[in-house]
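Notes for the one structure printed next.
The values are calculated or read from the model by the stated rules, or taken from the named source; none is laboratory data. Please read all numbers here as calculations on a predicted model, not as lab measurements. Backbone-built Cβ (ideal geometry, glycine too); neighbour counts: all protein chains shown. Remember, those area values only see protein heavy atoms, side chains included, never the ligands or the DNA or RNA. Shrake-Rupley method; radii C 1.70, N 1.55, O 1.52, S 1.80 Å.
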Amino acid sequence: MNISTIQSASCNCEDSGSCECGEACTCGQPESVSWSDLSTWSKASINTLWCLLGCSIGDFGTIFFFQITEISFPLVGIMILAIINGLTTSVMLETYILSRQMDLRHAFKTAMGMSFISMVAMEIAMNVVDVIFAGGTLMWSVIPLMLAAGFLTPLPYNYFRLKKYDESCH
(Lines give C-alpha, C1' and ligand atoms only; values in the text may rest on other atoms or scores of the structure.)
Protein backbone atom coordinates (compact mmCIF):
# COMPACT_ATOMS: atom_id res chain seq x y z
CA MET A 1 0.00 0.00 0.00
CA ASN A 2 1.41 3.41 -0.81
CA ILE A 3 1.40 6.36 1.59
CA SER A 4 -1.64 8.02 0.03
CA THR A 5 -4.01 5.26 1.02
CA ILE A 6 -5.37 3.87 4.25
CA GLN A 7 -7.57 0.91 4.92
CA SER A 8 -11.16 1.66 5.77
CA ALA A 9 -12.29 -0.08 8.93
CA SER A 10 -15.57 1.76 9.45
CA CYS A 11 -17.88 -1.11 8.53
CA ASN A 12 -18.23 -4.82 9.17
CA CYS A 13 -18.67 -6.71 5.94
CA GLU A 14 -20.43 -10.00 5.65
CA ASP A 15 -19.25 -12.76 3.34
CA SER A 16 -21.90 -11.69 0.84
CA GLY A 17 -20.04 -8.45 0.09
CA SER A 18 -22.60 -6.21 1.74
CA CYS A 19 -22.13 -4.33 4.97
CA GLU A 20 -24.28 -4.65 8.11
CA CYS A 21 -25.34 -1.05 7.60
CA GLY A 22 -26.85 -1.87 4.20
CA GLU A 23 -24.23 0.06 2.22
CA ALA A 24 -21.94 -1.47 -0.37
CA CYS A 25 -18.90 -3.03 1.25
CA THR A 26 -15.83 -0.79 1.32
CA CYS A 27 -13.73 -2.77 3.80
CA GLY A 28 -10.19 -3.21 2.60
CA GLN A 29 -10.57 -0.60 -0.13
CA PRO A 30 -8.22 2.37 0.08
CA GLU A 31 -9.52 5.85 0.74
CA SER A 32 -7.59 8.54 -1.10
CA VAL A 33 -6.11 11.63 0.49
CA SER A 34 -5.56 14.66 -1.70
CA TRP A 35 -1.95 15.82 -1.49
CA SER A 36 -2.57 19.13 -3.29
CA ASP A 37 -4.34 21.20 -0.61
CA LEU A 38 -2.10 24.23 -0.08
CA SER A 39 -3.87 25.38 3.08
CA THR A 40 -3.31 21.97 4.68
CA TRP A 41 0.34 22.02 3.61
CA SER A 42 0.64 25.46 5.18
CA LYS A 43 -0.89 24.38 8.49
CA ALA A 44 1.14 21.15 8.52
CA SER A 45 4.29 23.19 7.90
CA ILE A 46 3.55 25.52 10.80
CA ASN A 47 2.86 22.57 13.10
CA THR A 48 6.08 20.91 11.97
CA LEU A 49 8.08 24.10 12.59
CA TRP A 50 6.82 24.26 16.20
CA CYS A 51 7.86 20.65 16.67
CA LEU A 52 11.24 21.36 15.06
CA LEU A 53 11.84 24.25 17.45
CA GLY A 54 11.10 22.08 20.46
CA CYS A 55 13.19 19.15 19.23
CA SER A 56 16.12 21.37 18.26
CA ILE A 57 16.40 22.93 21.71
CA GLY A 58 17.01 19.62 23.47
CA ASP A 59 18.90 17.99 20.62
CA PHE A 60 21.35 20.83 19.92
CA GLY A 61 21.72 21.57 23.62
CA THR A 62 22.80 18.01 24.36
CA ILE A 63 25.25 17.77 21.48
CA PHE A 64 26.67 21.21 22.32
CA PHE A 65 27.07 20.27 26.00
CA PHE A 66 29.17 17.22 25.16
CA GLN A 67 31.10 19.19 22.58
CA ILE A 68 32.15 22.02 24.94
CA THR A 69 32.74 19.89 28.04
CA GLU A 70 34.73 17.30 26.08
CA ILE A 71 33.32 14.55 28.30
CA SER A 72 34.38 11.21 26.91
CA PHE A 73 31.13 9.51 25.99
CA PRO A 74 30.31 7.21 23.06
CA LEU A 75 28.83 8.91 20.01
CA VAL A 76 25.84 6.55 20.01
CA GLY A 77 25.16 7.47 23.65
CA ILE A 78 25.30 11.19 22.87
CA MET A 79 22.90 10.76 19.93
CA ILE A 80 20.47 8.73 22.06
CA LEU A 81 20.58 11.38 24.81
CA ALA A 82 20.12 14.10 22.17
CA ILE A 83 17.03 12.33 20.82
CA ILE A 84 15.57 11.83 24.31
CA ASN A 85 16.23 15.45 25.27
CA GLY A 86 14.86 16.68 21.95
CA LEU A 87 11.67 14.68 22.47
CA THR A 88 11.40 15.98 26.04
CA THR A 89 11.80 19.64 25.12
CA SER A 90 9.42 19.28 22.19
CA VAL A 91 6.73 17.71 24.38
CA MET A 92 7.28 20.45 26.96
CA LEU A 93 6.97 23.22 24.37
CA GLU A 94 3.92 21.68 22.72
CA THR A 95 2.28 21.06 26.10
CA TYR A 96 2.82 24.72 26.99
CA ILE A 97 1.38 25.90 23.67
CA LEU A 98 -1.63 23.58 23.97
CA SER A 99 -2.20 24.47 27.64
CA ARG A 100 -3.25 27.91 26.45
CA GLN A 101 -6.16 26.20 24.63
CA MET A 102 -7.03 23.34 27.03
CA ASP A 103 -6.29 22.02 30.52
CA LEU A 104 -2.72 20.93 31.23
CA ARG A 105 -3.45 17.18 31.47
CA HIS A 106 -5.24 17.14 28.13
CA ALA A 107 -2.52 19.33 26.60
CA PHE A 108 0.17 16.85 27.68
CA LYS A 109 -1.83 13.88 26.40
CA THR A 110 -2.36 15.61 23.06
CA ALA A 111 1.31 16.55 22.74
CA MET A 112 2.35 12.96 23.45
CA GLY A 113 -0.26 11.26 21.31
CA MET A 114 -0.63 13.40 18.23
CA SER A 115 2.92 14.27 17.42
CA PHE A 116 5.21 11.71 19.05
CA ILE A 117 5.73 9.70 15.85
CA SER A 118 6.49 12.93 14.05
CA MET A 119 8.99 13.97 16.73
CA VAL A 120 10.80 10.61 16.71
CA ALA A 121 11.14 10.72 12.91
CA MET A 122 12.36 14.31 13.12
CA GLU A 123 14.95 13.51 15.79
CA ILE A 124 16.32 10.48 13.98
CA ALA A 125 16.61 12.41 10.71
CA MET A 126 18.43 15.30 12.38
CA ASN A 127 20.90 13.04 14.15
CA VAL A 128 21.61 10.88 11.11
CA VAL A 129 22.47 14.03 9.13
CA ASP A 130 24.66 15.25 12.00
CA VAL A 131 26.60 11.98 12.21
CA ILE A 132 27.00 11.67 8.42
CA PHE A 133 28.11 15.26 7.74
CA ALA A 134 29.73 16.36 11.01
CA GLY A 135 30.63 13.19 12.85
CA GLY A 136 28.19 13.95 15.67
CA THR A 137 29.37 17.48 16.48
CA LEU A 138 27.54 20.71 15.88
CA MET A 139 28.94 22.60 12.93
CA TRP A 140 27.33 25.80 11.68
CA SER A 141 27.53 24.52 8.12
CA VAL A 142 25.62 21.32 8.99
CA ILE A 143 22.89 22.80 11.21
CA PRO A 144 20.79 23.99 8.21
CA LEU A 145 20.96 20.46 6.74
CA MET A 146 19.91 18.98 10.08
CA LEU A 147 16.99 21.40 10.32
CA ALA A 148 15.93 20.72 6.73
CA ALA A 149 15.99 16.95 7.31
CA GLY A 150 14.14 17.39 10.61
CA PHE A 151 11.47 19.48 8.91
CA LEU A 152 10.99 17.49 5.70
CA THR A 153 10.98 14.00 7.23
CA PRO A 154 7.75 14.28 9.29
CA LEU A 155 5.99 16.85 7.07
CA PRO A 156 4.10 14.35 4.86
CA TYR A 157 2.95 12.43 7.96
CA ASN A 158 1.77 15.66 9.60
CA TYR A 159 -0.06 16.65 6.41
CA PHE A 160 -1.68 13.22 6.20
CA ARG A 161 -2.88 13.30 9.82
CA LEU A 162 -4.24 16.80 9.36
CA LYS A 163 -5.95 16.05 6.05
CA LYS A 164 -7.30 12.60 6.84
CA TYR A 165 -8.30 13.00 10.48
CA ASP A 166 -8.27 16.79 10.92
CA GLU A 167 -5.83 16.15 13.77
CA SER A 168 -2.78 18.21 14.61
CA CYS A 169 -0.82 19.01 17.71
CA HIS A 170 -1.27 22.81 17.68
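Residue selection: A111 fails the criterion of being within 30 Å of W35 (Cα to Cα), surrounded by fewer than 20 Cβ atoms within 10 Å (Cβ to Cβ) and out of contact with any His (no Cβ under 8 Å at 6 or more places or on another chain). Taking into account only those residues within the stretch 139-170 that are open to solvent by less than 30 Å² (accessible area, probe 1.4 Å) and more than 16 Å from S42 (Cα to Cα), which is nearest to the chain's Cα centre (by Cα)? That would be G150. A residue that is over 21 Å from Y157 (Cβ atoms) and at pLDDT 95 or above occurs nowhere in the stretch 117-125.
For (1) loosely packed, with under 13 Cβ neighbours inside 10 Å; (2) more than 19 Å from the chain's Cα centre (by Cα); (3) at pLDDT 95 or above, each residue gets a yes or a no:
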{"site": "I6", "(1), (2), (3)": "no, no, no"}
{"site": "C13", "(1), (2), (3)": "no, yes, no"}
{"site": "S18", "(1), (2), (3)": "no, yes, no"}
{"site": "S34", "(1), (2), (3)": "yes, yes, no"}
{"site": "S42", "(1), (2), (3)": "yes, no, yes"}
{"site": "S45", "(1), (2), (3)": "no, no, yes"}
{"site": "F60", "(1), (2), (3)": "no, no, yes"}
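Taking the stated definitions as given, is L93 modelled with pLDDT under 95 and part of a helix (DSSP H, G or I)? For L93, the condition - modelled with pLDDT under 95 and part of a helix (DSSP H, G or I) - is met.
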